[in-house]
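Each reported figure results from applying straightforward, stated rules to the coordinates on display, with no laboratory input. Just so we're clear, the structure is a prediction, and the values are computed from it rather than from any experiment. Glycine gets a Cβ as well: all are built from the backbone with ideal geometry, and neighbour counts include every protein chain shown.
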Amino acid sequence: MTEISPTGRSNPRLRQTAGDMVRSLALVLGVVAVILIVTLRPQPDAVKVIDYQPELAVARAQAGYPVLAPVGLDADWRATSVRWQPTTGSTPDKAWHLGFVTPDDAYAQLGQSSTTNVNYLPEQTDRGQPMGRVSVGGFDWQQYTSKAGQRSLVRVDRGVTIVVTGTADWAALELFATSLRS
């Protein structure tokens with residue numbers, strides 16, 4: 001058998017201390033922190049807010065009826081979509097569409113058209129069924145609810161169908177409807 005004899009040199013691993021381990025860990029954490037700072041960026045708001053005023057001006061100039069838009073809503077109501085064009089349900093007539101994300105991150109939209117196309121109302125209410133009537137902003141509105149849970153307030157004023165609809169709760173839809181002005 002071979003005998004192991006000391007060589008006279010000390011083993012460097014025996015001289016490592018807890019301080020060496022802490023310094024190594026700090027170095028690794030420092031590198032990780034630098035990588036995170038360089039690569040992580042704050043995520044922008046997923047909601048893209050739009051300016052609907054130019055399209056509103058065009059719709060008001062072209063429509064043969066008073067085109068509505070909200071007045072006085074809090075800044076937490078963010079406009080996200082606007083269209084002045086025919087929809088599948090309003091063809092051949094144009095329809096005014098204005099969509100908002102509510103302060104609760106639900107959706108509310110206004111649809112308005114003078115179309116006589118029988119498909120416009122089912123399209124706007126997601127084939128909702130009449131549920132009852134409610135007075136909002138001095139007007140009588142018909143409530144609709146779709147199978148998917150979409151809520152709608154509908155009224156017809158001088159041949160123009162006005163639909164306030166979305167995933168927002170009834171209180172938010174009623175607030176939105178109350179804010180509408182021509």
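Some values worked out for this structure:
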{"quantity": "Kyte-Doolittle at least -0.5, axis length at least 24 Å by Cα - qualifying DSSP helices, the chain", "calculated": "18-39"}
{"quantity": "R0 of 30 Å, Cβ-Cβ distance D169-Q85: FRET efficiency to nearest 0.05", "calculated": "0.55"}
{"quantity": "Spacing of the two label points (7 Å from each Cα toward its C-beta) at A148 and M131, in nm", "calculated": "1.6"}
{"quantity": "Within the chain, helix-based [θ] at 222 nm, where runs of 4 or more DSSP H residues each add -39,500 (n - 2.57), nearest 500", "calculated": "-8000 deg cm²/dmol"}
{"quantity": "Dipole of the chain, positive direction: furthest Cα of A177, Q143, V49, with charges on the beta-carbon", "calculated": "V49"}
{"quantity": "Debye, to nearest 20: dipole size of the chain, +1 on Lys, Arg Cβ, -1 on Asp, Glu Cβ", "calculated": "460"}
{"quantity": "Charge dipole (the chain, unit charges on Cβ, about Cα centre) - positive-most of V31, A79, T165", "calculated": "V31"}
{"quantity": "Approximate spin-label separation Q62-T17, in nm, with each point projected 7 Å along Cα-to-Cβ", "calculated": "8.0"}
{"quantity": "Extension gain (nm, one decimal) between S182 and T39, 0.36 nm per residue minus Cα-Cα", "calculated": "46.7 nm"}
{"quantity": "Viscosity 1.567 mPa s, 4 °C: Kirkwood-radius Stokes-Einstein D of the chain over Cα pairs, µm²/s", "calculated": "63"}
{"quantity": "Förster radius 45 Å - calculated FRET efficiency between K48 and R158 (Cβ-Cβ, nearest 0.05)", "calculated": "0.85"}
